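The values are calculated or read from the model by the stated rules, or taken from the named source; none is laboratory data. This structure is a prediction, so every number in the text was calculated from the model and none was measured. As a convention, Cβ positions derive from the backbone with ideal geometry for all residues, glycine included, and neighbour counts pool all protein chains shown.
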Amino acid sequence: MPGDAEYAPRELMSLPGPSRDIRRWRLVEIRRGGRWRPAMLTVWRRPPGSAVWVVHVRWAPDEGDAEAWGWFVFSETAIRPLPEPDDPAPARAPFHGVWRDAITVPRELTGTPDPDGADRCWRLAWLRIEGTWSSALVTARRRPGPDVPWIADVRWGEDRQRAWALYDPAAVRVVPREEDRAAVSPEPPAGKGEGA
């Protein structure tokens with residue numbers, strides 16, 4: 001569709017010589033099918049002798065025949081950064097006006113994985129770590145036992161860092177999926193109610 005992100009042409013991706021690759025995870029929105037969808041930009045690539053950047057973007061796990069990722073010619077009009085959370089931390093305890101980092105959980109306290117894989121997931125998220133928000137991916141969620149908080153297996157830092165963390169929405173903020181966003185319909189414009 002017009003305005004959608006453009007797949008990188010095969011000729012561009014197969015130019016002779018070494019490409020310049022920069023691995024950098026960044027939550028973005030990519031325009032596909034005329035709609036913006038949340039995704040993770042994982043690699044910037046400058047093909048040899050090229051003046052353009054191409055980027056590797058993933059918006060879903062690999063499941064079945066559905067498209068989950070692609071290499072695209074970078075364009076600010078079709079791939080844009082997803083804004084970091086910027087809401088102020090509550091003044092009350094336990095925040096006292098400052099967001100807390102995610103609390104990591106020692107592996108021996110994470111419980112056992114579900115034998116059927118029901119605890120696995122693939123959710124984009126913002127992770128509060130070392131005083132900043134990092135682009136992250138939640139790959140599993142589970143409750144290690146009764147009356148125990150939920151925990152999440154989180155990857156960040158270009159997939160070089162991984163930890164189990166308390167699934168606290170103040171520090172592990174899951175990005176709404178495309179279908180979740182579509183379910184929330186915007187208010188009709190003023191003067192455009194039913195029958196208008």
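Between Arg181, Arg177, Arg128, the distinction of being basic (Lys, Arg) and at pLDDT 95 or above belongs to Arg128 only.
List pairs: first residue in the range 34-62 and over 12 Å from Arg80 (Cα atoms), second residue of a type in the set (Gly, Ala, Ser) and outside any loop (DSSP other than H, G, I, E, B) anywhere in the structure, Cβ distance under 6 angstrom, at least six positions apart or on different chains. Correct list of pairs: Trp59/Ala39. Note on the range 11-46: among residues that are closer than 25 Å to Pro61 by Cβ and basic (Lys, Arg), the one that is nearest to the chain's Cα centre (by Cα) is Arg26.
Comparison of Ala60, Ala91 shows that the only residue that is exposed (fewer than 15 other Cβ atoms within 10 Å of the Cβ), modelled with pLDDT under 95 and either of a type in the set (Gly, Ala, Ser) or over 24 Å from the mean Cα position of the chain (by Cα) (or both) is Ala91. Being among the basic types (Lys, Arg) and either surrounded by 13 or more Cβ atoms within 10 Å (Cβ to Cβ) or in contact with a helix residue (DSSP H, G or I) (Cβ under 9 Å, 6 or more places away or on another chain) (or both) is the filter here, so list the residues in the range 132-181 that pass it. Those that are among the basic types (Lys, Arg) and either surrounded by 13 or more Cβ atoms within 10 Å (Cβ to Cβ) or in contact with a helix residue (DSSP H, G or I) (Cβ under 9 Å, 6 or more places away or on another chain) (or both): Arg141, Arg142, Arg143, Arg155, Arg162, Arg173, Arg177, Arg181. Filtered by the rule that a residue be farther than 9 Å from Ala165 by Cβ and either within 11 Å of the chain's Cα centre (by Cα) or in a strand (DSSP E or B) (or both), the range 126-137 gives Trp126, Arg128, Thr132, Trp133, Ser134, Ser135, Ala136, Leu137. Taken together, Arg100, Arg128 contain a single residue that is in contact with a Phe, Trp or Tyr (Cβ under 6 Å, 6 or more places away or on another chain) and not hydrophobic (A, V, I, L, M, F, W, C), which is Arg128. With respect to the stated conditions, Pro106 fails to be closer than 23 Å to Trp59 by Cβ and either modelled with pLDDT of 90 or more or not hydroxyl-bearing (Ser, Thr, Tyr) (or both). Just give me the residues in the range 140-176 being within 11 Å of the chain's Cα centre (by Cα) and free of Cβ contacts under 8 Å to residues at least 24 places away in the same chain, in sequence order. Arg155 - this is the single residue of the range 140-176 that is within 11 Å of the chain's Cα centre (by Cα) and free of Cβ contacts under 8 Å to residues at least 24 places away in the same chain. In the range 5-114, counting only strands (runs of 3 or more DSSP E) that sit wholly within it, the ones holding 3 or more residues that are under 30 Å from Glu130 (Cβ atoms) span 20-32, 35-46, 54-58, 79-81.
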